[in-house]
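To start, the structure under review is shown below, and the notes come after it.
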Amino acid sequence: MKLFYLLLLLAGSIAAFHLDTSGRREHPTLPSEALTTEASQTEAKSRFAMLDDVRLLANGLLQLGQSLREFVHKTKAQINDIFHKLNIFDRSFYQLSVVTSEIKEEEEELKKTTNILKANNEEIRNLSLEINTKINNILQERTQLQSKVGSLEERLKGLSQSMIPADQLREITTLKEVIEAQEKTITSLLIAVKEQHDQLDHQKIKIKNLEEKLSFNSFQLTVDKAMDSHHSATDKFEYLQINSTDLPVDCSELFTRGETKSGVYAIKPNQSEPFYAYCEMSSDQGFTVIQHRADSIVDFDQTWEMYQNGFGDLEKDFWLGLKKIYTISQLGAYILRIDVEDWKEEKHWAEYSFSLEGPSKDYTLHVSHFAGDLPDAMTNLTGSRFSTKDKNNDNSCNSDCARNCTGGWWLNACSETNLNGKYFSLRAFGRSVRRKGIQWGPGTMPLYSLKTSKISLRVMPVIDSGN
């Protein structure tokens with residue numbers, strides 16, 4: 001609209017100029033030749049001045065058109081980004097709905113199982129009371145029999161010098177057999193009571209475990225419902241506004257609590273607010289995944305703020321966030337595990353002892369090689385600060401090493417290791433471009449971008465120094 005008004009102004013100025021000059025030709029006021037010559041020179045100067053104004057106005061219009069074009073391109077990019085985030089939010093909302101339904105079903109099943117166990121517990125308790133009553137009766141009968149035996153022994157002492165009558169001998173034998181049978185019955189009853197008590201204790205432990213699991217699932221459901229009220233999928237990387245001490249500090253603790261299914265869970269390291277993380281469960285331990293790359297949907301060439309807070313999709317490609325990785329590393333000794341796959345579908349891995357300094361030191365990395373079949377390409381990064389495109393903590397990126405400076409990473413001299421580089425298909429570009437991709441160096445690895453990468457943390461195993 002501004003451009004239209006400026007064009008009207010230009011047309012009006014030119015029309016006024018022509019009318020003025022034509023009027024002067026039709027109604028001359030100075031008949032002398034000197035005045036005519038002076039008027040012509042004045043008119044020529046005025047015309048040149050008007051041409052200069054027109055040129056300035058045209059330049060202004062060109063600049064305005066260029067600004068409008070840039071504004072339109074920028075607006076289109078923002079709209080596309082908003083649509084992309086809305087699509088991610090729709091997928092996340094659907095997945096959360098499915099998870100919520102599953103948790104509700106599991107909660108109902110656990111409630112039914114708990115009610116059944118409580119009923120069984122009540123039956124066992126009643127049976128135990130009945131058995132105790134019978135044992136008390138048997139003990140009373142045993143006491144009576146013992147008193148009878150005592151009186152018979154006294155009688156036997158008095159008759160020791162004479163013959164014992166046959167009827168008394170039979171009575172004594174019968175009493176002894178009854179006593180032995182009662183003792184066997186008491187012994188078997190005591191064994192049965194012990195077994196019942198053991199079974200009762202086992203049922204109590206089972207009920208307690210089920211109640212704890214039911215409580216945790218209910219809390220997780222509450223967390224998921226709170227998550228539904230957020231406005232975009234990127235909120236999954238924000239801290240959760242909930243107060244609870246029942247959350248695990250990391251995925252390793254979640255595994256020790258009995259969870260064996262991989263997925264997104266809420267965790268709460270010490271000195272941190274709760275947040276979501278992807279937990280990968282193996283047969284013997286849990287891993288907290290901090291990075292995953294498998295396609296090019298998520299752009300990893302992000303700013304320092306994004307790398308601090310985290311970005312992506314926790315169930316696909318993502319970076320957990322330097323702040324969260326740091327709080328996890330402060331819990332104790334951790335192993336950093338690297339898993340990569342090349343385009344020949346060959347998989348490799350490496351593990352490092354790992355620690356990370358805080359934001360005041362730009363998350364300085366400290367690692368030492370631990371195990372794996374990948375060549376060691378991380379030890380030389382020890383002491384390196386984290387760098388992004390808007391915060392360069394490695395001066396080498398200003399030189400020939402700039403090819404490795406795409407995506408945030410711990411950059412050091414000309415190291416070719418960068419698992420956060422641009423995602424390329426197999427040999428899709430030239431050699432110099434591929435160096436900006438997902439790389440693992442030293443130079444013994446193939447010179448093309450890796451197909452997948454995954455970085456995760458697990459608790460350092462405790463080495464028993466005893467026997």
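Building the convex hull from the alpha-carbon atoms of region 232-310 and averaging its projection over directions returns 6.4 nm².
For the Cα trace of region 280-350, dividing Rg by the Kirkwood Rh returns an Rg/Rh value of 0.98. Divided by 2.2 N^0.38 Å, where N counts the residues, the Cα radius of gyration of region 269-400 comes to 1.09.
Placing a pseudo-label 7 Å from each Cα along the Cα-to-Cβ vector at Ala77 and Thr174 gives an inter-label distance of 11.0 nm. Counting every pair of alpha carbons in region 57-141, the share spaced more than 14 Å apart comes to 82 percent.
Rank these by accessible area, largest first, 1.4 Å probe: Asp317, Asp390, Asp339.
Values: Asp317 5, Asp390 95, Asp339 35 Å².
Heavy-atom accessible area, descending, gives Asp390, Asp339, Asp317.
Database remark: amide H of Trp343 closer than 5 angstrom to the amide H of Lys451 (H placed geometrically; neighbours at sequence offset of 5 or more, or on other chains; Pro and chain starts carry no H). With each pseudo-label sitting 7 Å past Cα toward Cβ, what's the Asp299-Asn136 distance in nm, one decimal? In this crude spin-label approximation the distance works out to 8.1 nm. In the structure shown, the pairs Lys316/Lys344; Lys204/Lys323; Lys206/Lys316; Lys85/Lys112; Lys268/Lys451 are assessed against 30 Å; a Cα-Cα span above that value is assigned to Lys204/Lys323; Lys206/Lys316; Lys85/Lys112; Lys268/Lys451. Sorted on the mean count of surrounding Cβ atoms within 10 Å across their residues, most packed first, peptides 97-105, 364-372, 271-279, 65-73 read 271-279, 364-372, 97-105, 65-73. Solvent exposure of Asp81, expressed as accessible area, is near 70 Å², computed with a probe of 1.4 Å over the protein chains only.
Using a Förster distance of 41 Å, how high is the FRET efficiency between Thr185 and Leu117, based on the Cβ-Cβ distance and rounded to 0.05? Each step should come with its number before you reach the end.
Working: r = 31 Å, r/R0 = 0.76.
Plugging the Cβ-Cβ distance into 1/(1 + (r/R0)^6) gives 0.85.
With all protein chains present and a 1.4 Å probe, how do Ser283, Ser244 order by accessible area, largest first?
Values: Ser283 115, Ser244 20 Å².
Most to least solvent-accessible, the answer reads Ser283, Ser244.
The values are calculated or read from the model by the stated rules, or taken from the named source; none is laboratory data. Remember, predicted model here, so these are calculated numbers, not experimental data. Cβ atoms come from the backbone with ideal geometry, glycine included; neighbour counts cover every protein chain shown. With ligands, DNA and RNA removed, areas are computed over all heavy atoms of the protein, side chains included. Shrake-Rupley method; radii C 1.70, N 1.55, O 1.52, S 1.80 Å.
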